[in-house]
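Below: the structure, in structure tokens.
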Ligand SMILES: Cc1cc2nc3c(=O)[nH]c(=O)nc-3n(C[C@H](O)[C@H](O)[C@H](O)COP(=O)(O)OP(=O)(O)OC[C@H]3O[C@@H](n4cnc5c(N)ncnc54)[C@H](O)[C@@H]3O)c2cc1C
């Protein structure tokens, strides 16, 4: 086997890092190292890294802002590709095109400032555009899919394609029909509205987040999806789990749907706490909470 790390380092230069600590790339601020961490920025660079991964049979992952991912203590092998350096945003009369690594909140801000309606309630979601499309991120009754028109991808063979929203089925934090791919950019269709009202709506959402969410601690937002007809946070609270802790991880006292890293939590602390919460809610209410967050690497049960 040729040394794929040398190949990537020669091609990407300073945009290829070895043994990169993932606590610096995830909002939980914990987790082990990524064996190889690269920043592809152009289609040619994506094609290259995909070709290396395919030819050497190396696992390849894509990360946006790591705001919905928990990386295990022992880290992740293979190649992790960050979209962070692909962050161009273009605002046109009633649409916005953004590269996958553009901050979703920045896109929302520009939309509001341009008097464009449709994304204002997504303000404050701390993810990238690619992560928002992949997760169909949403808040306060608005979802990414609502204003999404199309997105550009590259499949794992390095072939580009454009997918229309109508090609896929988007539902609550779920996208069905998406092939394994890299999301490169997305186009949003918005409509003209009132600039002052939009900024007020954005401010109100931002204010509500500060008031209700434990933003002063590292977390990855809501741990579990909303079960049908209920809220995970209500069930967790009703089960008496607010404030429950494992090591440096704790069920937030401010918002029981969040697990916070309040004191140098290991990823395993967080995972063990997730399991305890799920088990106790199941025991008390018979409801199976489904994880919204994504686990990367090996964890103990
Ligand atoms: C304080 C806080 C509040 C939050 N509030 C909300 C909220 O209100 N609503 C909500 O929906 N979420 C919320 N989240 C969760 C998170 O911000 C969203 O899920 C966000 O969309 C994740 O984007 P990301 O760029 O961080 O993705 P990452 O966490 O980096 O990745 C998530 C998944 O998307 C995949 N992915 C990312 N980019 C790409 C790409 N370009 N191509 C292919 N796959 C890709 C990754 O492989 C991974 O599987 C919150 C998180 C925090 C920390």
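Every read-out reported here was derived from the displayed coordinates using simple, explicitly stated rules and does not represent laboratory data. Bear in mind that the values here come from a model prediction, so they are computed numbers and not experimental data. Quick reminder, even Gly has a Cβ in these numbers, built from the backbone with ideal geometry, and neighbours come from all protein chains shown.
Send over the Kirkwood Rh of region 4-82, from the inverse of the averaged 1/r over different Cα pairs, rounded to one decimal Å.
On the way: mean 1/r = 0.0798 Å⁻¹.
After inverting the pairwise mean of 1/r, the radius is 12.5 Å.
The separation of region 158-201 from region 109-152, counted between C-alpha centres, amounts to 8 Å. Sort region 146-248 into rounded, prolate or oblate with this rule: let a ≥ b ≥ c be the square roots of the eigenvalues of the Cα gyration tensor; rounded if a/c is under 1.5, and if a/c is not under 1.5, prolate when a/b is larger than b/c, oblate otherwise. Oblate shape, in that a/c is at least 1.5 and b/c is the bigger or equal ratio.
Considering region 232-296 at the alpha-carbon level, its Rg and Dmax are found to be 10.9, 32 Å.
Ranked from highest to lowest mean number of other Cβ atoms within 10 Å per residue, what is the order of the peptides 5-18, 164-177?
Working: 5-18: 15.1, 164-177: 13.4.
Final packing ranking: 5-18, 164-177.
Going by a ≥ b ≥ c, the root eigenvalues of the Cα gyration tensor, does region 61-120 fall in the rounded group (a/c under 1.5), the prolate group (a/b larger than b/c) or the oblate group? Prolate, since a/c reaches 1.5 and a/b exceeds b/c. Over the chain, what is the mean sequence separation of C-alpha contacts under 8 Å (at least six apart), divided by residue count, expressed as relative contact order in percent? 17 percent.
Expressed as cubic angstrom per residue, what is the convex hull volume of the alpha carbon set of the chain?
Roughly 133 Å³ of hull volume per residue.
A helix-only calculation puts the chain at -9000 deg cm²/dmol for mean residue ellipticity at 222 nm, using -39500 (n - 2.57) for each DSSP H run of at least four residues, averaged over all residues. As a length-normalised measure over Cα pairs under 8 Å and 6 or more apart, the relative contact order of region 232-296 settles at 27 percent.
Computed extension gain for residue 245 through residue 88, at 0.36 nm per residue and net of the alpha carbon distance, reaches 52.5 nm.
The fewest-to-most ranking of 25, 264 by surrounding Cβ atoms within 10 Å reads 264, 25.
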